[in-house]
Every structure is written in C-alpha cells, then in structure tokens.
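Input: a single structure, listed below in structure tokens.
The values are calculated or read from the model by the stated rules, or taken from the named source; none is laboratory data. Predicted, not measured: the structure shown is a model, and the values here were computed from it. Cβ coordinates were reconstructed from backbone atoms using ideal geometry, including for glycine residues, and neighbour counts include every protein chain displayed.
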Amino acid sequence: MSKLSQRHLLGIKDITREDIELIFETADNFKDVINRPIKKVPSLRDVTIANIFFENSTRTRLSFELAEKRLSADVVNFSASGSSVKKGETLLDTVNNILAMKVDMVVMRHASAGAPHFLSKHIKANIVNAGDGTHEHPTQALLDTFSIREKLGSVEGKKIAIIGDILHSRVALSNIFALKKLGAEVMVCGPATLIPKFIATLGVQVELEVTKALEWCDVANVLRIQLERQQLKYFPSLREYSLYYGISKKTLDSLKKKIVLMHPGPINRGVELTSDAADSHHSIILDQVENGVAVRMAVLYLLAGAA
C-alpha cells in the first residue's frame, strides 16, 4: 500500500501534491464502495479511532464517523461539552486518558489554532485535524478540490473564486493551499473588512466586487458568514451583506458562462446564497457531502498505513 509522506494530517500546508493525488485516487476507489449495496470494507477492522470535538460540529463529525464505520474501525466519540474539560482538565490530560484506552488514531476539532500540532508532538497516535480555530480544515479542502476534479475533470488551470468571510475561515486557507498545489488560479472576494491583509502573499488575487469574481471564475466556493467567530462588527448588517455579496440563481443565470457553485455548509440561506441558487443546477453542494465520506475514508486508510 502506498503511504502519505506524513504520519498526521495537520494541514494542507504540510503535505505534498503527490499526497493529495494519492488521497484522490484512494477516494475514487472508496466512492465505488459507498455506492455498493454493501457499503463496508474490513480495511481498518483492528483500528480504534477517537473523534475528539472541543467545538460544535454536525457535518464534519458525522462524515468522519460514517467514514470510520464504513472502514470497520472501532469508534469512540468524545464531546467536550459533557466532559472533564469543563472541570479544568487540560487538553493533553484529556487525550492521554483516551489513549490509555489503546486508541490508534485521533480526529480532533479545537477552537485554538495549532492544537493538533501541539498534540502531534506529545502523543504516538495518528492525528487528523478536523478544524483548528481559524487556521486550517484540511479534509474540507480535500473534499472541495476532489469535487472540482470530479466535476471539471481536473483542478489544474481552473479559476476558483472563494467568496465570503475569508478572515475567519479555516476552509479558505486550506482551500488556497490545496488549489495552488494542484495548479489552479485562485481569487478571494468579500468585503475589505473580511479579507486578511496577508492573503495576497499566498499568490491569490483579491476582488471586492462579487459580480466581477463570478464573471472571472469557473467555480465559486461560497463561504458562510462566521458570526460566532466575529468579535467585532465587520459589516453593517446581514441584510446589507446579502445585498452586496449574496448570490441568487438570477445572478448565476445572467453570467455569460455556466459556473459551478459550492458551499462547505451549513448555508445561511438568504444571506450568502438564496435557496434557488443553492438548489440550482449550478450547485454541487450535495456532491461535496457525499465526497466528504469517500475522502475521509481515504485519509484514515492511508494514515493507518503510515503508522
């Protein structure tokens, strides 16, 4: 079995283009598996995986859990809200207690950037970063780029616009790293207050007008406004944001070419996307959800081989 160059998946920044292509090839095979009548394979039958979520999550946690069960792994779910973390237990103590139960792999989401990197230096289990603060969300970027490859044949040379709350988004950063490694052109678009000052140093274009971004791109990946991460007011109101940056089916149909519409979910319907845009023929949002399971199966399978 081919292996990844890393023992952990901490961020897209840390892995190679060859790693990404290997994950995609493996995900292609697993996509066939999850569309069969019998959707399970015994690949990780003797592996125990702990899902440790210190931040709320529905889609990512369910997607990982389903991927693990499709691979026949033993699964332990840990949620910080009902745990000893509330009593003051440290991150390292929490994880070490779980590892004492002979866990082989940890899938972790944490509100602090760098938390998975910290753990990787202190524990022996493989770690998959399921989102750390406003830093990275590597499996989301992998499933997004996998979905673009599936829809358009390849990522190389394609023009991808990432639209919305770039400042607070770990999805945006991971997507930029993945798309650039695979040879795509990338543009970010949103209000000036929601675009980080350093972003141009990553080799991406910056556009403040959503219509220009849509006319330029082959794919629009629209991000959610992350109100829960905003400590300040970055725009006057959601209504005003929707007026200038919301995308409707009418907007998409008025373009001179057909573009692909994506969203990592959950969607604020009526804010960044209208319902008729989210449910239109432009959208591959539900394909992203299906591909998420196959891509996460591939990551877990390959990391188990790298142990």
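Miscellaneous remarks
- Identity of the residue in the range 139-182, farther than 18 Å from Glu272 by Cα, of a type outside the set (D, E, K, R) and touching a Lys or Arg at 6+ places or on another chain (Cβ under 7 Å), that ends up surrounded by the fewest Cβ atoms within 10 Å (Cβ to Cβ): Leu152
- Considering each residue of the range 77-99 in turn, none proves to be farther than 19 Å from Val293 by Cβ, at pLDDT 95 or above and either assigned by TED's automatic domain parsing to the domain that holds Val293 or buried (at least 18 other Cβ atoms within 10 Å of the Cβ) (or both).
- Those residues of the range 130-185 which are of a type in the set (D, E, K, R) and assigned to a loop (DSSP other than H, G, I, E, B), in sequence order: Glu156, Lys158, Asp165
- Cβ-Cβ distances below 7 Å connect the following pairs, each with a first residue in the range 20-46 that is in the same structural domain as Val103 (by TED's automatic domain parsing), a second residue that is of a type in the set (Phe, Trp, Tyr) and surrounded by 14 or more Cβ atoms within 10 Å (Cβ to Cβ), and a separation of six or more residues or different chains: Phe24/Phe146; Thr26/Tyr301; Ala27/Phe146; Ser43/Tyr301; Leu44/Tyr301.
- Residues (at pLDDT 95 or above and surrounded by fewer than 16 Cβ atoms within 10 Å (Cβ to Cβ)) located in the range 24-44: Glu25, Asp28, Asn29, Pro42
- Note on the range 103-128: among residues that are part of a loop (DSSP other than H, G, I, E, B) and among the small types (Gly, Ala, Ser), the one that is surrounded by the most Cβ atoms within 10 Å (Cβ to Cβ) is Ala125.
- Scanning the range 257-296 for residues that are crowded, with 21+ Cβ neighbours inside 10 Å and under 14 Å from the mean Cα position of the chain (by Cα) returns Met262, His263, Pro264, Gln288, Asn291, Gly292, Val293, Ala294, Val295, Arg296.
- Looking at Glu136, Glu185, just one residue is in contact with a strand residue (DSSP E or B) (Cβ under 9 Å, 6 or more places away or on another chain), surrounded by 24 or more Cβ atoms within 10 Å (Cβ to Cβ) and either over 15 Å from Ile23 (Cβ atoms) or in contact (Cβ under 8 Å) with a residue 40 or more places away in the chain (or both), and that residue is Glu136.
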